[in-house]
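S.K.: One structure is given below, represented as structure tokens, and several questions about it will come after.
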Amino acid sequence: MTSHEALIFVSAWFAVFLILGQSVAIVLMGAGIAGMFAMMGTRLFDGLLAADIVGAASSYSLSIISLYLLMAQFLLRGRVVEDLFRVGYRLAGKRRFPLGAATIVSGGMLGAVSGSGAATSAALAVMAGPQLQQVGYTKRFAVSLAAVSGSLAAIIPPSLIMIFYGSLTLVPVGHLFIGSMIPGLLCILCYIGCLWVFGETKPGAAPAESEADAELPTSAVAAFIFVVVLMFVIFGGIYGGVFTAGEAGGLGAFTALVGMAALRRIGLRDIFDSLVDSVKVTSMLMIIVIGAQAFGRFLSLSRAPRELLAAVEPLLAQPTVLVALMLLAFFIGGLLLESAAVMVLLIPIILPVLEAAQVDLLWFGVMACFMISLGLLTPPVGLATYAACAAVRHPVGPIFRTTGLFALVAAVVVSLIMVEFPGVVTWLPSQIQ
Amino acid sequence: QNLMISASLPQVHMWVGQSLDPFADKLEERTDLTFTRFYAGELVGVGRGLDALQGGTVDIVSPLLAPYIPGAFPLTDISQLPVYGTDSAQITRAFQKLMDSDVELKDGKTFYEYEIEPKGIVAWGLGASGPYAINTVSKEITSPADFQGLPLRAGAALQTMTLENLGVNPVTMPAAQAYEALSRKTIEGILLSVADWKSYSMTELLKYSIEGVALGHWESYAAISKSAWDGLSEEQQKAMDEVAREVALENAEFIQKQYLEVRAAAEAAGTTFVQASDLPQELQDHIAEASVATWKQWIETMEADGHPARKAAQLWAELVQEEGGELPPGVAEYLAD
Amino acid sequence: MLRRSYDALGKFEWGLAALGGGLCLLAILALTVLTVFGRYVLHTDLIPGAFNMIESVLFPVMVFWGLPLAHREATFPRLEILDPWMQGALGKLIAGLVLLIEVCVYAIVAWYCARYAIKSFDTARAVQIGTGTWPAWPVAMMAPVAFGLMLVEAVRLCLRDFRAALGRGA
Ligand code: NA
Ligand code: NA
């Protein structure tokens, strides 16, 4: 088969098996293997396939994913999500809009110590959902807001998707984390704005405007303070140049372990379960990397990335258009695929283009991670939305309408700001010690 | 006739842009061979070159990074032994002679027959790197005590051995993190050839460098699989052999030129280059002792594993001196025993 | 009999992920913390080659040990949009065919990974750890183990779907 025939064959393979519900990692691996076979027979398998698989799994930069997952696990099992929301609830009182905003902010704070969104969304749906309904929001909107707030974990650093980007482009992960801080805050503001505009209340719901009556337990305050300390350890450590993003993950996980154990929030059983869950999720993410590796080899062989580069040559002079197109590709990828899969699939293809157009890889990376992360909220595969719905047994369809809307507004508003004013991304990292 | 050729490093690396590309260009010019080139590990990643050649994935791998395939090329590490007063061109020539040598090392096998042939490949040496020097960001080294516990990023295993013998605290970390670690003083220095400072953006960062003593030179191969080689006509084989040798020497010249450029730029930026022979005698003795210890240690470890390291080292020492390099004081005595 | 050996296999996969993988992760955590502690408190590289150990041994082993369990518990993300239409006999048949492809993928990968592991052993391939080297084959060996276990599970699911499509055991 010529490389063009092989490309068509593999694209068809990819689409068919993806739609038929084969897991993304296996679709990638299968398509890669089929493509290599179509072009070169079994010639590539002995020297490439196995060495690539072991090689892809032997990655220091990706190993830090497991540490960030572990930290989040300790905090989740220590029921810190609930306490963060409890503090927000106490501050907001039974006032409708402030409580909605408090939900978003506590999602954001939790995001600052956790790397991926789905679990946070589920916890918030259970915890905040009923309170939001009590102050007059519809159930539909309450669940949507929980999903949106939880998804911030992927947008606010630290974020797993940034670790993937860093490992693929060699942009220091610490810089990506620090660079995403202001865009993350902008996104929180944007969601609060959306809450103001799109907030959906039950007909005739009396706007209860009173202080919350619930007593705030000291343990909740302790948990709140602990999260703030942990944020300081991670970001202070990276920003101050004390340690790398990988070491920050290790120290964060260690601090979370010690803190949660000292506060008697987790026992041996929880520690054990946290370890197992982190291992499972890490393996799940790594099989995507392994699959993408096989697929990427086929792509290199077919020379598709170089042809793409040649095709966009005329656009190199207008990097803004080029960047906008590529961000759109990331957004669409995020709609369909698991975030890690989008990253490991797209970056090898477009990296040559980015380099040729001399796009700042840090700036682009922060924007690309942002676009992909919004996919947590959008149909057909929005993991945060699914998790929130599953937690409270609510049908997904109506929720997607709201979460999709939030995501779309954030995509347009925040990315426009980042494109117009690159400084919001690049200034903080340039101040790293 | 088309051959697939793969580099695990990007085109900006001297072993690709200044070695693989001219190699392929010249052969395309002089023969009817054509090459499909893959760069930057897009097809074959770092450390997987040998698998790719043996598995028939590609026909040619250049550079075939021997130091990144631990255990596969035991004797190739020889170029990383500490030597005095050498440059890229001398070591490139010495290494070519080593590969061509008919001195039998073990069971009637020459260096080439022992190290290269059994792997089912045909190989040539590349242009060797410049001398690996000890470079620091602030600490000036004036006595053996200054080495004690000094955190330095190390490279290959054999170089780490030398550092340990000096009393240095060798730190292993990914190359990509070295710049960050140096600028925030997590490590105090790095083992690197001056010619490579620029590609790691360290010209402004490193302030002190010891010249004239090399903690070895990095060397690797350009290799074609035996089956692809056998498929070439005699004429094509001859052209490839000539071009590979020619390109290695030109590459060495390029590295030398780059070294002078970087050195001048660094000196202008305030870097101090100290000649090893100008160091206090006590320090010179310390470095010599550490170097001899490394030769010894390497030979003994390799011999214990059954490799003819002693004979290979004797041959290497002879060839380096033939090219104008010197052995650290004490090495010749040790080898003569 | 088949049922019981399948359950035993499940326990084995759980043990690999939970005990083996969990210990690897704990070790990665400990190495990272100790490295930072050594650097700032003791001013020394406390565990030389810690970075190599994580990269070349602990992390890949953890991943390969975790994979079979992650696969068995169906945590690999996928598009689920067609699921509602995949319940009938035709749907099961298609699902079975998709799984058959998956079986082939695992088989090919497990086969070539096994060859690679054997070759690593035969040629005494090594990984660099600090100033020394460790043999590479124990890590390489875990890849075919992982994909072999996933192959078994995929075969089971595939047979289940084909049976359901043919109206038996549905
Ligand atoms: Na986060
Ligand atoms: Na989505």
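S.K.: Name the one entry in A:Cys389, A:Cys369 that is within 15 Å of ligand 2 (Cβ to nearest atom) and under 13 Å from the mean Cα position of the chain (by Cα).
M.R.: Step by step, each of A:Cys389, A:Cys369 is checked, and only A:Cys369 is within 15 Å of ligand 2 (Cβ to nearest atom) and under 13 Å from the mean Cα position of the chain (by Cα).
S.K.: Of all residues in the stretch A:328-341, which are at pLDDT 90 or above and either hydroxyl-bearing (Ser, Thr, Tyr) or open to solvent by less than 30 Å² (accessible area, probe 1.4 Å) (or both)?
M.R.: The one that is at pLDDT 90 or above and either hydroxyl-bearing (Ser, Thr, Tyr) or open to solvent by less than 30 Å² (accessible area, probe 1.4 Å) (or both): A:Phe330.
For every residue, the table says whether it meets (1) within 16 Å of ligand 2 (Cβ to nearest atom); (2) modelled with pLDDT of 85 or more; (3) surrounded by 24 or more Cβ atoms within 10 Å (Cβ to Cβ); (4) within 14 Å of chain B (Cβ to nearest Cβ).
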residue: A:Leu69; (1), (2), (3), (4): no, yes, yes, no
residue: A:Gln73; (1), (2), (3), (4): no, yes, yes, no
residue: A:Glu82; (1), (2), (3), (4): no, no, no, no
residue: A:Ile104; (1), (2), (3), (4): no, yes, yes, no
residue: A:Leu110; (1), (2), (3), (4): no, yes, yes, no
residue: A:Ala118; (1), (2), (3), (4): yes, no, no, no
residue: A:Ala128; (1), (2), (3), (4): no, yes, yes, no
residue: A:Ile161; (1), (2), (3), (4): yes, yes, yes, no
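S.K.: Continuing with the same structure: Take B:Ala228 and tell me if it is within 14 Å of another protein chain (Cβ to nearest Cβ), touching a residue at least 24 places away in the same chain (Cβ under 8 Å) and open to solvent by less than 40 Å² (accessible area, probe 1.4 Å).
M.R.: yes
S.K.: Return a yes/no flag: does the stretch B:43-56 have any residue that is in contact (Cβ under 8 Å) with a residue 60 or more places away in the chain, part of a loop (DSSP other than H, G, I, E, B) and not polar (S, T, N, Q).
M.R.: Yes.
S.K.: Residue under question is A:Met29, and the condition is that it be closer than 24 Å to C:Ala95 by Cα, outside the structural domain of A:Ser300 (by TED's automatic domain parsing) and open to solvent by less than 10 Å² (accessible area, probe 1.4 Å); does it hold? First the steps, then the outcome.
M.R.: On the way: closer than 24 Å to C:Ala95 by Cα: yes; outside the structural domain of A:Ser300 (by TED's automatic domain parsing): yes; open to solvent by less than 10 Å² (accessible area, probe 1.4 Å): yes.
Yes: the conditions hold for A:Met29.
S.K.: State whether one or more residues within the stretch B:323-332 are open to solvent by 50 Å² or more (accessible area, probe 1.4 Å), of a type outside the set (A, V, I, L, M) and in a helix (DSSP H, G or I).
M.R.: No, the stretch B:323-332 contains no residue that is open to solvent by 50 Å² or more (accessible area, probe 1.4 Å), of a type outside the set (A, V, I, L, M) and in a helix (DSSP H, G or I).
S.K.: Okay, moving on. Just to verify a result, which residue in the stretch C:71-94, among those that are among the aliphatic types (A, V, I, L, M) and within 23 Å of the chain's Cα centre (by Cα), is nearest to C:Phe162 (Cα to Cα)?
M.R.: Result: C:Ala74.
S.K.: Kindly indicate whether A:Val425 is crowded, with 17+ Cβ neighbours inside 10 Å, more than 16 Å from ligand 2 (Cβ to nearest atom) and either in the same structural domain as A:Cys194 (by TED's automatic domain parsing) or under 23 Å from A:Met286 (Cβ atoms) (or both). First the steps, then the outcome.
M.R.: Details: crowded, with 17+ Cβ neighbours inside 10 Å: yes; more than 16 Å from ligand 2 (Cβ to nearest atom): yes; either in the same structural domain as A:Cys194 (by TED's automatic domain parsing) or under 23 Å from A:Met286 (Cβ atoms) (or both): yes.
Against the criterion (crowded, with 17+ Cβ neighbours inside 10 Å, more than 16 Å from ligand 2 (Cβ to nearest atom) and either in the same structural domain as A:Cys194 (by TED's automatic domain parsing) or under 23 Å from A:Met286 (Cβ atoms) (or both)), A:Val425 qualifies.
S.K.: Let me ask something else. Can you tell me which residue among A:Ala340, A:Ala304, A:Ala317, A:Ala324 is within 16 Å of ligand 1 (Cβ to nearest atom) and either touching a residue at least 12 places away in the same chain (Cβ under 8 Å) or more than 26 Å from B:Gly45 (Cβ to Cβ) (or both)? Show your work before the answer.
M.R.: On the way: A:Ala304 fails: within 16 Å of ligand 1 (Cβ to nearest atom); A:Ala317 fails: within 16 Å of ligand 1 (Cβ to nearest atom); A:Ala324 fails: within 16 Å of ligand 1 (Cβ to nearest atom).
Of A:Ala340, A:Ala304, A:Ala317, A:Ala324, the one residue that is within 16 Å of ligand 1 (Cβ to nearest atom) and either touching a residue at least 12 places away in the same chain (Cβ under 8 Å) or more than 26 Å from B:Gly45 (Cβ to Cβ) (or both) is A:Ala340.
S.K.: Starting from residues that are of a type in the set (A, V, I, L, M) and surrounded by fewer than 16 Cβ atoms within 10 Å (Cβ to Cβ), keep the ones in the stretch C:70-92 and report whichever is nearest to A:Leu336 (Cα to Cα). Show your work before the answer.
M.R.: Looking only at the stretch C:70-92, we keep the residues that are of a type in the set (A, V, I, L, M), and these are C:70, C:74, C:79, C:81-82, C:86, C:89-90.
Keeping just the survivors that are surrounded by fewer than 16 Cβ atoms within 10 Å (Cβ to Cβ) gives C:74, C:81-82, C:89-90.
Numbers: C:Ala74: 19, C:Ile81: 10, C:Leu82: 13, C:Ala89: 27, C:Leu90: 25 Å.
Per the criteria, the residue is C:Ile81.
S.K.: In addition: Quick test for you: out of C:Asp83, C:Asp7, pick the one residue that is more than 7 Å from chain A (Cβ to nearest Cβ) and not aromatic (Phe, Trp, Tyr).
M.R.: On the way: C:Asp83 fails: more than 7 Å from chain A (Cβ to nearest Cβ).
On inspection, the qualifying residue turns out to be C:Asp7.
S.K.: Considering A:Gly397, A:Gly375, which residue is within 16 Å of ligand 1 (Cβ to nearest atom), free of Cβ contacts under 8 Å to residues at least 60 places away in the same chain and within 14 Å of chain C (Cβ to nearest Cβ)? Full working, then the answer.
M.R.: Numbers: A:Gly397 fails: within 16 Å of ligand 1 (Cβ to nearest atom).
Testing whether each residue is within 16 Å of ligand 1 (Cβ to nearest atom), free of Cβ contacts under 8 Å to residues at least 60 places away in the same chain and within 14 Å of chain C (Cβ to nearest Cβ) leaves just A:Gly375.
S.K.: List, please: which pairs have Cβ atoms under 6 Å, are six or more places apart or on different chains, and start with a residue in the stretch A:235-247 that is without any contact (Cβ under 8 Å) to a residue 24 or more places away in the chain and end with one that is open to solvent by less than 20 Å² (accessible area, probe 1.4 Å) and not in a loop (DSSP other than H, G, I, E, B)?
M.R.: Close Cβ pairs satisfying both conditions: A:Gly237/A:Ala248; A:Phe243/A:Gly237; A:Phe243/C:Val36; A:Glu247/C:Thr32; A:Glu247/C:Val36.
S.K.: Can I ask one more? Please go through (1) surrounded by 24 or more Cβ atoms within 10 Å (Cβ to Cβ); (2) within 16 Å of ligand 2 (Cβ to nearest atom) for A:Val344 and return the number of the only condition it doesn't satisfy.
M.R.: Just one mismatch for A:Val344, condition (2).
S.K.: Which of the following residues is more than 17 Å from A:Ile26 (Cβ to Cβ), touching a strand residue (DSSP E or B) at 6+ places or on another chain (Cβ under 8 Å) and either of a type in the set (Asp, Glu) or open to solvent by 30 Å² or more (accessible area, probe 1.4 Å) (or both): C:Thr123, C:Thr131? Outline the logic, then answer.
M.R.: Numbers: C:Thr123 fails: touching a strand residue (DSSP E or B) at 6+ places or on another chain (Cβ under 8 Å).
Only one candidate passes the filter, namely C:Thr131.
S.K.: Looking at (1) within 16 Å of ligand 1 (Cβ to nearest atom); (2) surrounded by fewer than 21 Cβ atoms within 10 Å (Cβ to Cβ), can you tell me which one A:Phe370 breaks?
M.R.: Just one mismatch for A:Phe370, condition (2).
S.K.: Restricting to the stretch B:301-316, and then to whatever is in contact (Cβ under 8 Å) with a residue 40 or more places away in the chain and open to solvent by 70 Å² or more (accessible area, probe 1.4 Å), can you tell me which residue is farthest from B:Val83 (Cα to Cα)?
M.R.: B:Asp305
S.K.: Can you pull out the strands (runs of 3 or more DSSP E) entirely within the stretch B:92-209 that have at least 2 residues that are within 14 Å of chain C (Cβ to nearest Cβ)?
M.R.: Passing ranges, in order: B:151-153, B:169-171, B:189-193.
S.K.: What are the residues in the stretch A:134-176 that are within 13 Å of ligand 1 (Cβ to nearest atom), farther than 13 Å from A:Gly107 by Cα and within 12 Å of the chain's Cα centre (by Cα), if any? Please lay out each step first, then the result.
M.R.: Going through the stretch A:134-176, the residues within 13 Å of ligand 1 (Cβ to nearest atom) turn out to be A:149-163, A:173, A:176.
Next cut, farther than 13 Å from A:Gly107 by Cα only: A:158-163, A:173, A:176.
Scanning the stretch A:134-176 gives A:Pro158, A:Ser159, A:Leu160, A:Ile161, A:Met162, A:Ile163.
S.K.: For the stretch A:256-301, which residues satisfy the criterion of being touching a residue at least 60 places away in the same chain (Cβ under 8 Å) and among the hydroxyl-bearing types (Ser, Thr, Tyr)?
M.R.: Scanning the stretch A:256-301 gives A:Ser274, A:Ser278, A:Thr282.
S.K.: Given the structure, is B:Lys238 in a helix (DSSP H, G or I) and basic (Lys, Arg)?
M.R.: Values: in a helix (DSSP H, G or I): yes; basic (Lys, Arg): yes.
Criteria met by B:Lys238.
S.K.: Here's another thing I want to ask about it. Of the conditions (1) within 14 Å of chain B (Cβ to nearest Cβ); (2) outside any helix (DSSP H, G or I); (3) crowded, with 24+ Cβ neighbours inside 10 Å; (4) of a type outside the set (D, E, K, R), A:Gly166 fails just one. Which one is it?
M.R.: (2)
S.K.: Continuing with this model, one more query. Can you give me the number of residues within the stretch A:84-108 that are part of a helix (DSSP H, G or I) and in contact (Cβ under 8 Å) with a residue 40 or more places away in the chain?
M.R.: Qualifying residue count, the stretch A:84-108: 17.
S.K.: If C:Leu99 satisfies all but one of (1) part of a helix (DSSP H, G or I); (2) surrounded by fewer than 19 Cβ atoms within 10 Å (Cβ to Cβ), what's the number of the condition it fails?
M.R.: Only one criterion in (1) part of a helix (DSSP H, G or I); (2) surrounded by fewer than 19 Cβ atoms within 10 Å (Cβ to Cβ) is unmet by C:Leu99, namely (2).
The values are calculated or read from the model by the stated rules, or taken from the named source; none is laboratory data. Everything quoted here is computed from the prediction, not taken from an experiment. Every residue, glycine as well, gets a Cβ built from its backbone with ideal geometry; the counts of neighbours run over all protein chains shown. Quick note on the areas: whole protein, heavy atoms, side chains included, nothing else; ligands and nucleic acids left out. Shrake-Rupley method; radii C 1.70, N 1.55, O 1.52, S 1.80 Å.
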